[in-house]
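Everything on this sheet refers to the single structure shown next.
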Amino acid sequence: MKTTKIALLTSLLTIALFFSNSKVNAQAKTASASIKGEVKSELILTPTDVDKLPKTSISQKDRTDQEHTYSGVELGLVLKNAGVTLAEELKGENLTKYLLVEASDGYQVIFSLAEIDPAFTSRKIILANRKDDKLLAADEGPFRIIIEGEKRKPRNARQVISLTVKFAN
Amino acid sequence: MNSFAKVITTLIGSFTLLIWVGKLDPAPYPLTYPSNFGNRISIPQNNPTTQAGVYLGRNLFYEPLLSANNKISCGSCHEQKRAFTDGKVFSSGVDGTLTSRNSMALVNLLWARRFFWDGRATGLEAQAAFPLSDPHEMGQALTVSAAKLRQSPKYPILFQKAFGDTAITVNRITMAISQFERTLISADSPYDRYLKNTYKPSPIELEGMRLFNTMPQPRKKIRGADCAHCHGGAKTYLELFHNNGLDEISTDKGIAAITGMDSDHGRFKIPTLRNIALTAPYMHDGRFNSLQQVLDHYSEHLKQKHLSPFLKGSSNKIGGTSLQLSAHEKKAVIAFLNMLTDTTFIHNPEFSNPNHP
């Protein structure tokens with residue numbers, strides 16, 4: 001009887017562990033971007049989270065000259081929500097901070113904070129989660145950087161998974 | 001010289017030798033490289049590259065005592081004459097089994113930050129621990145390696161010179177090997193000499209170089225192979241991870257096995273093309289025996305399902321799904337790739353086995 005109880009308990013524990021691991025794995029597979037580094041609070045953003053924020057859109061042509069409308073949140077707002085030193089705080093040594101954007105393929109680009117801060121510039125840079133109203137496909141998302149009026153576009157990083165604010169050395 | 005003078009001279013000589021061999025030798029190892037390689041190098045603050053550290057690391061790199069059967073060293077799968085690869089599809093470990101991936105070239109690691117085909121190790125020190133202790137590679141716990149080295153007559157003094165005392169620790173083993181690996185700089189190929197205006201490429205090499213660096217734009221009648229997209233710059237190395245269309249469904253999931261992300265399926269580290277003509281077979285699973293086969297793959301056989309986005313539609317034909325290079329263009333690209341062979345590097349005596357000069 002005792003053996004049966006132990007066996008039952010072990011089975012229940014195994015099942016519970018299996019489901020808890022499945023949950024962890026499922027969470028790990030949700031595409032998202034982390035906002036970290038010189039921030040007051042680290043954030044994890046999913047494409048659904050971005051839909052709940054004020055949206056902005058930018059149209060641009062792809063390499064086959066097809067025009068697409070990308071929509072998402074202004075990068076400045078994302079950083080503001082994470083408590084990055086922008087606007088009145090963006091002075092002195094804070095002007096030596098930069099944003100490192102990293103994609104899942106290892107691609108990296110940087111922006112100075114002043115390039116992103118709407119208090120400094122009227123040029124929009126967005127963290128796009130949608131293209132022509134549809135969530136970005138896996139080969140472009142979860143997020144793509146879109147820069148208004150950028151003549152050459154290698155900084156329009158695809159598959160963005162992290163935004164890290166750092167001090168220049 | 002009378003006998004008293006001989007005794008004094010011998011004593012002074014012995015004393016000097018004793019101080020010399022027993023002292024920490026902090027002389028930095030000069031890491032020299034062309035300015036166009038850039039200075040985005042990775043050397044941890046706690047492991048500066050010193051002459052004594054590099055010499056110790058070189059000895060350890062070729063030391064079979066670091067393997068469970070005392071027969072395999074790092075140099076077994078990373079032979080200098082093959083730009084530190086082994087010419088095999090997969091390498092044999094101490095237990096006789098084969099590795100699951102192809103041995104990677106050890107070239108210009110000073111500029112690398114993530115290691116292995118799946119980038120799982122950050123920094124050379126972390127990387128070095130894997131093959132040493134993997135049961136299918138050298139198969140020996142680092143603590144056992146440290147114990148074996150303590151019994152060897154030559155190592156305590158080499159550790160003292162490198163680190164200030166004779167302690168042989170796990171960390172010091174990987175630190176010294178990393179110091180040696182950072183010195184493996186290849187920067188004297190015909191391509192380097194061309195960049196310094198001391199080598200005149202042949203017409204076909206120049207054509208290959210142009211194709212290598214050009215993105216195809218068939219609508220503008222611009223032909224290219226766009227290799228530089230991932231292998232660009234003077235180092236022909238960018239630290240990127242891509243799916244290059246080898247399989248629709250890859251049996252080896254690459255970095256997806258670590259991240260769990262479907263978008264990472266079949267993604268592997270983009271290797272340097274330095275000395276690429278010496279490092280066959282190619283790809284993470286060594287499936288291609290020749291550069292011709294590699295060019296044929298990019299030209300005609302890219303599998304689309306998980307292909308990295310920049311490769312989708314990259315073609316010399318409007319609507320094409322692979323590069324569609326001509327036979328002559330492939331020959332030209334291969335001619336350029338051969339310009340990346342650095343014979344100075346593969347014959348540099350500072351990189352060779354110190355026990356077999």
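Against the list (1) of a type in the set (D, E); (2) under 26 Å from A:K153 (Cα atoms); (3) more than 14 Å from chain A (Cβ to nearest Cβ), the condition B:E207 fails is (2).
Beta carbons closer than 6 Å, at least 6 apart along the sequence or on distinct chains, pair a first residue in the stretch A:77-94 that is modelled with pLDDT of 95 or more with a second that is in a helix (DSSP H, G or I) and open to solvent by less than 90 Å² (accessible area, probe 1.4 Å) for A:T85/A:N94; A:L90/A:L113. Return the residues of the stretch B:229-251 that are within 13 Å of chain A (Cβ to nearest Cβ) and in contact (Cβ under 8 Å) with a residue 60 or more places away in the chain; say none if nothing qualifies. Once the filter is applied, which keeps residues that are within 13 Å of chain A (Cβ to nearest Cβ) and in contact (Cβ under 8 Å) with a residue 60 or more places away in the chain, the stretch B:229-251 yields B:H229, B:Y237, B:E239, B:F241, B:H242, B:N243, B:N244, B:G245.
Taken over the stretch B:42-64, the criterion of being part of a helix (DSSP H, G or I) and open to solvent by less than 50 Å² (accessible area, probe 1.4 Å) is satisfied by B:A52, B:G53, B:V54, B:L56, B:G57, B:R58, B:N59, B:L60, B:F61, B:P64.
Taking each residue of the stretch B:337-353 that is aromatic (F, W, Y) and looking for partners that are assigned to a helix (DSSP H, G or I) and open to solvent by less than 30 Å² (accessible area, probe 1.4 Å) with beta-carbon atoms closer than 6 Å, six or more apart or interchain, yields B:F351/B:Q80.
A quick yes/no check of all residues on (1) in a loop (DSSP other than H, G, I, E, B); (2) open to solvent by 60 Å² or more (accessible area, probe 1.4 Å); (3) within 24 Å of B:R82 (Cα to Cα); (4) not small (G, A, S):
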residue: B:T198; (1), (2), (3), (4): yes, yes, no, yes
residue: B:L206; (1), (2), (3), (4): no, yes, no, yes
residue: B:R210; (1), (2), (3), (4): no, yes, no, yes
residue: B:R219; (1), (2), (3), (4): no, yes, no, yes
residue: B:H229; (1), (2), (3), (4): no, yes, no, yes
residue: B:K235; (1), (2), (3), (4): yes, no, yes, yes
residue: B:T251; (1), (2), (3), (4): yes, yes, no, yes
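Would you check if there is a residue in the stretch B:252-263 being away from every other protein chain (no Cβ under 14 Å) and at pLDDT 95 or above? Scanning the stretch B:252-263 turns up at least one residue that is away from every other protein chain (no Cβ under 14 Å) and at pLDDT 95 or above.
Identification of strands (runs of 3 or more DSSP E) wholly contained in the stretch A:41-82 with 1 or more residues that are touching a Leu at 6+ places or on another chain (Cβ under 6 Å), surrounded by 15 or more Cβ atoms within 10 Å (Cβ to Cβ) and in the same structural domain as A:A137 (by TED's automatic domain parsing) yields A:67-74. Looking across the stretch B:116-155, the residues that are surrounded by fewer than 21 Cβ atoms within 10 Å (Cβ to Cβ), away from chain A (no Cβ under 14 Å), part of a loop (DSSP other than H, G, I, E, B) and in contact (Cβ under 8 Å) with a residue 24 or more places away in the chain come down to B:G123, B:D134, B:P135, B:H136, B:G139, B:S152, B:K154.
Does at least one position in the stretch A:1-13 carry a residue that is away from every other protein chain (no Cβ under 14 Å) and either under 30 Å from B:N316 (Cα atoms) or at pLDDT 65 or above (or both)? No, there is no match, as no residue in the stretch A:1-13 is away from every other protein chain (no Cβ under 14 Å) and either under 30 Å from B:N316 (Cα atoms) or at pLDDT 65 or above (or both).
Selection of the stretch B:292-323 for residues being surrounded by fewer than 18 Cβ atoms within 10 Å (Cβ to Cβ), more than 14 Å from chain A (Cβ to nearest Cβ) and in a loop (DSSP other than H, G, I, E, B) yields only B:H301.
Could you tell me whether B:S202 is of a type in the set (S, T, Y), in contact (Cβ under 8 Å) with a residue 12 or more places away in the chain, touching a Cys at 6+ places or on another chain (Cβ under 6 Å) and within 30 Å of B:A225 (Cβ to Cβ)? Here the answer is no, as B:S202 does not meet what is asked. Of the residues screened, B:N275 is one that is polar (S, T, N, Q) and either open to solvent by less than 10 Å² (accessible area, probe 1.4 Å) or not assigned by TED's automatic domain parsing to the domain that holds B:L211 (or both). Considering the stretch B:156-170, and only residues there that are in a loop (DSSP other than H, G, I, E, B) and in contact with a helix residue (DSSP H, G or I) (Cβ under 8 Å, 6 or more places away or on another chain), the residue that is least open to solvent (accessible area, probe 1.4 Å) turns out to be B:I168. Annotation note: of A:D139, A:D105, A:D117, the sole residue that is surrounded by 18 or more Cβ atoms within 10 Å (Cβ to Cβ) and within 14 Å of another protein chain (Cβ to nearest Cβ) is A:D105.
The values are calculated or read from the model by the stated rules, or taken from the named source; none is laboratory data. All figures in this text were calculated on a predicted structure; none of them were measured in a lab. Here Cβ is always computed from backbone atoms with ideal geometry, including for glycine, and neighbour counts include all displayed protein chains. When the accessible area is computed, the model is the full protein with side chains, heavy atoms only, and any ligands, DNA or RNA have been set aside. Shrake-Rupley method; radii C 1.70, N 1.55, O 1.52, S 1.80 Å.
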